[in-house]
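Structure, as structure tokens:
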Amino acid sequence: QVQLVESGGGLVQAGGSLRLSCAASGRTFIPYEMGWFRQAPGKEREFVAAITWSGDRTQYGDSVKGRFTISRDVPKNTMYLQMNSLKPEDTAVYYCAASKYNNPGPNLRLYAYWGQGTQVTVSS
């Protein structure tokens with residue numbers, strides 16, 4: 001089992017930045033692929049970004065490419081999402097997730113472990 005806890009959400013004006021963190025605990029010696037998803041009210045959960053266990057490969061959703069950067073610090077068991085040039089449409093609850101599958105990418109069904117989410121609100 002792996003426990004995930006997100007932090008760093010908040011209220012920011014359009015054009016601003018936030019950095020989300022996801023701290024993992026439990027069986028963290030297993031190489032998990034990690035990802036960020038988000039869900040706005042009334043919408044389906046959307047893929048934001050994913051990163052391999054080693055951090056050598058990343059993937060991004062089309063809506064965040066060029067603005068968001070995913071990274072991870074393996075010794076600290078922590079993953080990050082740097083969000084720049086935020087837009088009101090980025091407003092959502094952001095979730096981190098862990099997968100034992102190789103390169104799960106945007107397929108949320110391949111992620112077995114989820115955090116509780118952190119709210120990001122971007123005002124116009």
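The values are calculated or read from the model by the stated rules, or taken from the named source; none is laboratory data. All values derive from a computational prediction rather than experimental measurement. All Cβ positions, glycine included, derive from the backbone under ideal geometry; neighbour counts span all protein chains shown. What goes into the accessible areas is simple: the full protein's heavy atoms, side chains included, and nothing from ligands, DNA or RNA. Shrake-Rupley method; radii C 1.70, N 1.55, O 1.52, S 1.80 Å.
What to note about this one:
- Residue in region 45-53 that is open to solvent by 20 Å² or more (accessible area, probe 1.4 Å), of a type in the set (Asp, Glu) and either more than 18 Å from PRO106 (Cβ to Cβ) or part of a loop (DSSP other than H, G, I, E, B) (or both) present: no
- Residue within region 67-76 that is crowded, with 16+ Cβ neighbours inside 10 Å, at pLDDT below 95, part of a strand (DSSP E or B) and not hydrophobic (A, V, I, L, M, F, W, C) present: yes
- Among the residues here, THR28 does not qualify as open to solvent by 10 Å² or more (accessible area, probe 1.4 Å), touching a residue at least 12 places away in the same chain (Cβ under 8 Å), farther than 14 Å from CYS96 by Cα and touching a strand residue (DSSP E or B) at 6+ places or on another chain (Cβ under 6 Å).
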